[in-house]
Amino acid sequence: MNANVETVSCSASANEKIRHDWTVDEVKTLFKKPFSDLIFEAQTRHREFFNPNQVQVSTLLSIKTGRCPEDCGYCPQSVRFKTKVETEALLPLDEVIEKAKQAKANGSSRFCMGAAWRSPKDKDLEPVIEMVKAVKSLGLETCVTLGMLNAEQSVRLKEAGLDYYNHNLDTSPEYYGDVISTRTYQDRLDTIMHVRDAGMNVCCGGILGMGEAEKDRYGLMQQLANQEHHPESVPINLLVKVEGTPLADADELDPIEFIRAIAVARIMMPKSYVRLSAGRENMSDEMQALCFLAGANSIFYGEKLLTTPNPSENADKQLFDRLGITSV
Ligand code: SAM
Ligand code: DTB
Ligand code: SF4
């Protein structure tokens, strides 16, 4: 048997193949399918592993905002770009608990805390660990995104009870250097490996609409799906263009191409939660409905992402009602 193919059992089909050996040409073939065929395949795959009418909801909170030394060309929090983001030091524990309680009361099942760090110092982890423990004790799943981690830091977070670590690949290895110069693609893969080795769930995806070529979208999907284990959660972000960042004037991505990318992610990583992430504020209800049809089954919920706006909880509740979707 091919070592890159593992066989899993599920109720819908006994011997479903989960692949980790995609070629770029195969990814391209998926992207180029007639739209109806692509959506049908994605929806069929989706139903093998998930209830198609359920969407997982996570709430984000920026626990440390701005003045990040990195130069990620999309990010309003880099100290190198002149944006309107207001800098904020690490939030106090009681404020984080308050926000997590609100998120839970509004129906979120996971609370994701983000810090504008290149990588945390060992002493930075202490207050974050207190936050993780407190949020978990409210009955919420926990996720943090703090930048690069080493092996020991990953183990400390796992021992604190952290459920997910978010660290994105962002784009293809080939386009990556056009967007970020202060850390390498390999640095990102190393962090993901440390998180995986520590036994945490991996949340790893990318951003579309950064001026990348079609082949970069194929490359990103290939990198995500050819990991030894698929990330449990795959956030697909549509670039939020922020004034002052180098990508503020990036060309608009065709919405159909974005929906195709969701479908391709669903087909290639059929057991993962594919999250329709940043960028929903600029999407119509109809576009979001097509993303759910293409296999997206997670969103960020609540009117703010880290520093930029997200649809209101009310708007999302109405959309879910219209689509017969329940949140989990
Ligand atoms: N500083 C940490 C890091 O970069 O790993 C954690 C926070 S960082 C803001 C988390 C992720 O948010 C980035 O990897 C990127 O994928 C996404 N992101 C940041 N700015 C974005 C934007 N303007 N539009 C879409 N996604 C964005
Ligand atoms: C992810 O993939 N998207 C989220 C989360 N992981 C941390 C962040 C989106 C940030 C959008 C820009 C902002 O609000 O600052
Ligand atoms: Fe810093 Fe993260 Fe923004 Fe990059 S994406 S500039 S590492 S906060």
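Annotation note: of E214, E228, the sole residue that is out of contact with any helix residue (DSSP H, G or I) (no Cβ under 6 Å at 6 or more places or on another chain), among the charged types (D, E, K, R) and over 25 Å from N150 (Cα atoms) is E214. Every test in (1) surrounded by 15 or more Cβ atoms within 10 Å (Cβ to Cβ); (2) within 15 Å of ligand 3 (Cβ to nearest atom); (3) under 19 Å from T308 (Cα atoms) is passed by P120 save one, and that test is (3). Residues that are on the phi < 0 side of the Ramachandran plot, part of a strand (DSSP E or B) and touching a residue at least 24 places away in the same chain (Cβ under 8 Å) occur at least once in the stretch 208-216. Taking residues in the stretch 112-133 that are free of Cβ contacts under 8 Å to residues at least 12 places away in the same chain, and partners anywhere that are more than 16 Å from ligand 2 (Cβ to nearest atom), not one pair has Cβ atoms closer than 6 Å while being at least 6 places apart or on different chains. Considering (1) closer than 17 Å to R266 by Cα; (2) out of contact with any helix residue (DSSP H, G or I) (no Cβ under 7 Å at 6 or more places or on another chain), the lone condition that T184 does not fulfil carries the number (1). Figure legend. Inter-residue proximity from the stretch 274-294: first residues surrounded by fewer than 19 Cβ atoms within 10 Å (Cβ to Cβ), second residues not in a helix (DSSP H, G or I), beta-carbon distance below 7 Å, spacing 6+ or different chains. Indicated pairs: E281/P309; E281/N310; E281/P311. In the stretch 172-186, the residues that are in a loop (DSSP other than H, G, I, E, B) reach residues that are not small (G, A, S) with C-beta atoms within less than 6 angstrom, at least six apart or across chains, in these pairs: S172/D216; S172/L220; I180/C72; S181/D71; T182/E70; T182/D71.
Restricting the first member to the stretch 299-316 and to residues that are in a loop (DSSP other than H, G, I, E, B), and the second to residues that are among the hydroxyl-bearing types (S, T, Y), the beta-carbon pairs closer than 7 Å and six or more apart or on different chains are Y301/S58; Y301/T59; Y301/S108; G302/T59; E303/S312; L306/S62; T307/S62; T307/T65. Within 21 Å of T308 (Cβ to Cβ), basic (K, R), in contact (Cβ under 8 Å) with a residue 24 or more places away in the chain and surrounded by fewer than 20 Cβ atoms within 10 Å (Cβ to Cβ): does that describe K82? Here the answer is yes, as K82 does meet what is asked.
Collect the residues in the stretch 161-196 that are under 16 Å from M113 (Cβ atoms) and either buried (at least 18 other Cβ atoms within 10 Å of the Cβ) or within 13 Å of ligand 1 (Cβ to nearest atom) (or both), keeping them in residue-number order. L162, D163, Y164, Y165, N166, H167, N168, V195 - these are the residues of the stretch 161-196 that are under 16 Å from M113 (Cβ atoms) and either buried (at least 18 other Cβ atoms within 10 Å of the Cβ) or within 13 Å of ligand 1 (Cβ to nearest atom) (or both). Highlighted here are the helices (runs of 4 or more DSSP H) found entirely within the stretch 54-162 that include at least 1 residues which are farther than 24 Å from E232 by Cα and within 16 Å of ligand 2 (Cβ to nearest atom): 93-105.
Read-outs: derived from the displayed coordinates by stated rules, not from any lab. As the structure is a prediction and not an experimental result, all values here were calculated from the model. Ideal geometry is used to build each Cβ from the backbone, glycine not excepted, and the neighbour counts take in all protein chains shown.
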